[in-house]
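For reference, the structure is listed below as structure tokens.
Where a number appears in this text, it was derived from the coordinates with a stated rule and is not lab data. Since this is a predicted model, take the numbers as computed values, not measurements. A quick note on method: Cβ atoms are made from the backbone with ideal geometry, for glycine too, and the neighbour counts reach across all protein chains shown.
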Amino acid sequence: MMIRVDAEVSDELASAFPYLTPRHHRAQTTLVGELADQEELQGVLNLLSSLGIPVIEVLTIPND
């Protein structure tokens with residue numbers, strides 16, 4: 001799973017998403033990792049929304 005947000009997510013904030021690894025880009029961050037199910041994804045998206053962090057895209061990345 002990859003979630004791209006329109007914000008620079010600090011390491012402290014990224015710790016709220018223990019199953020996702022932040023990868024910082026210029027003024028954006030991608031959070032990459034495995035989420036257990038749709039409910040867990042919705043929880044991440046809800047938290048980002050409550051923090052005022054806009055989500056640009058959500059992609060499912062196939063496992064190798």
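For the chain, take N as its residue count and report Rg(C-alpha) divided by 2.2 N^0.38 Å.
So the Cα radius of gyration is 1.01 times the expected 2.2 N^0.38 Å.
Explain nothing, just the number: relative contact order of the chain, from Cα pairs under 8 Å at least 6 residues apart, as a whole percent.
Taking the mean separation of contacting Cα pairs over the length of the chain, I get 44 percent.
Residues in region 1-31 near a label at Leu45, defined as backbone nitrogen under 11 Å from the 7 Å Cα→Cβ point?
none
What distance in nm separates the simple spin-label points at Leu59 and Gln28, each placed 7 Å from Cα in the Cβ direction?
Reported label-point gap for Leu59 and Gln28 is 0.9 nm.
If packing is taken as the average count of other Cβ atoms within 10 Å, what order do 18-25, 49-56 fall into, highest mean first?
So the peptides 18-25, 49-56, ranked by packing, come out 18-25, 49-56.
Want the number for Thr21 to Ala36: 0.36 nm per residue separation, take away the alpha-carbon distance, what's left?
Value of the extension gain: 3.9 nm.
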